[in-house]
Amino acid sequence: MILPKIKVLKSHGWQYIPDLNNVTLTEEFRGRAELTPSSDMSDVEAAAKLCPTQAITTAPFTLDLGRCLFCGECALRAPRNIRFTNDYKIGSTSRQALIVTPETKAIDFHPENVRKEIPTLFGRALKLRQVSAAGDASVEMELNATGNVNFDFGRYGVEFVASPRHADGVVITGPISQNMAEPLDICFNSIPDPKIVIVCGSEAISGGLYAQSKAVDRSFLEKYHVDLWLPGTPTHPMTFIDSVMNLISLKKR
């Protein structure tokens, strides 16, 4: 009975990631975008019209990762001008930093925006309450994966908890529907001060496909300070891990 299990283990190889600071994702992964302007921008204009979230502008030439669905259609339509790299280090404390230009070679984390009390209080242990504010479960599944045997983010003391009373901050996923606006507010106010706000996924950052929906109420983001913006549809576990480690000063990008 044990032999088939040994064969499965051998076929899967070593799953555990020993060093979360030294991870390279497959080339097929769509992370940070690289933009290359050209004399003829007609392909970019066509790609901008294709984008359902208006993440692309042509004058100036930009791509907003906070709106991007990472579907890759723009790169197929304008391959000379738009390319997605496998760089997963795309989270930032600045919403503006997520807007990629032709000059962008890396997403700036902007460590100067990190409140001083965050690394002091949460550098050795950080407990987070995740709230799906009308999310589709894709980002939520990736966040769950951060604690599995592959990533084991809990080794750094970063874990998700069931109650906001036991949390140090909230991780918001989904576009924030009207039905979830009040529960999200109640959850946030149940967390003791000081507390962290992490907005995870393009839907949470910008509303995504639902930005213009009447069923969405994003006033929470106008009332409270956001400490971390994490793009992705869904957000990759390594994007979350890298950004949170930078936030609590376990590493420097």
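Scanning the stretch 95-130 for residues that are within 22 Å of Thr235 (Cα to Cα) and either in a strand (DSSP E or B) or in contact with a strand residue (DSSP E or B) (Cβ under 7 Å, 6 or more places away or on another chain) (or both) yields a count of 14. Filtered by the rule that a residue be more than 17 Å from Leu143 (Cβ to Cβ) and surrounded by 15 or more Cβ atoms within 10 Å (Cβ to Cβ), the stretch 158-177 gives a lone residue, Ser177. Within the stretch 141-186, being of a type in the set (Asp, Glu) and touching a residue at least 60 places away in the same chain (Cβ under 8 Å) holds for Glu142, Asp152. Determine if the stretch 45-57 includes at least one residue that is hydroxyl-bearing (Ser, Thr, Tyr), outside the structural domain of Cys200 (by TED's automatic domain parsing), outside any loop (DSSP other than H, G, I, E, B) and touching a helix residue (DSSP H, G or I) at 6+ places or on another chain (Cβ under 6 Å). Scanning the stretch 45-57, I find no residue that is hydroxyl-bearing (Ser, Thr, Tyr), outside the structural domain of Cys200 (by TED's automatic domain parsing), outside any loop (DSSP other than H, G, I, E, B) and touching a helix residue (DSSP H, G or I) at 6+ places or on another chain (Cβ under 6 Å), so the answer is no. Under the condition of being part of a loop (DSSP other than H, G, I, E, B) and touching a Lys or Arg at 6+ places or on another chain (Cβ under 6 Å), which residue from the stretch 157-169 is farthest from Val226 (Cα to Cα)? Out of the qualifying residues, it is Gly157. When you look at Gly72, is it more than 30 Å from Ile248 (Cα to Cα), surrounded by fewer than 16 Cβ atoms within 10 Å (Cβ to Cβ) and either of a type in the set (Phe, Trp, Tyr) or modelled with pLDDT of 95 or more (or both), yes or no? Criteria met by Gly72. Scanning the stretch 26-43 for residues that are in a loop (DSSP other than H, G, I, E, B), touching a residue at least 60 places away in the same chain (Cβ under 8 Å) and under 14 Å from Gly72 (Cα atoms) returns Phe29, Gly31, Arg32.
Residues considered: Ile172, Ile90. Of these, the only one that is under 30 Å from Ser213 (Cα atoms), assigned to a loop (DSSP other than H, G, I, E, B) and not small (Gly, Ala, Ser) is Ile90. Each residue in the stretch 1-25 was checked for being aliphatic (A, V, I, L, M) and either assigned by TED's automatic domain parsing to the domain that holds Phe61 or free of Cβ contacts under 8 Å to residues at least 24 places away in the same chain (or both), and 6 pass. Screening Ser206, Ser213, Ser219, Ser190 for residues that are within 21 Å of Arg30 (Cβ to Cβ) and hydroxyl-bearing (Ser, Thr, Tyr) leaves exactly one candidate, Ser206.
If you go through the stretch 47-69 and keep only what is in contact with a Ser or Thr (Cβ under 9 Å, 6 or more places away or on another chain) and within 13 Å of Leu209 (Cβ to Cβ), you end up with Thr53, Ala55, Arg67, Cys68, Leu69.
The values are calculated or read from the model by the stated rules, or taken from the named source; none is laboratory data. Keep in mind that this is a model prediction, so the values were computed, not measured. Every residue, glycine among them, receives a Cβ derived from its backbone with ideal geometry; neighbour counts consider all protein chains shown.
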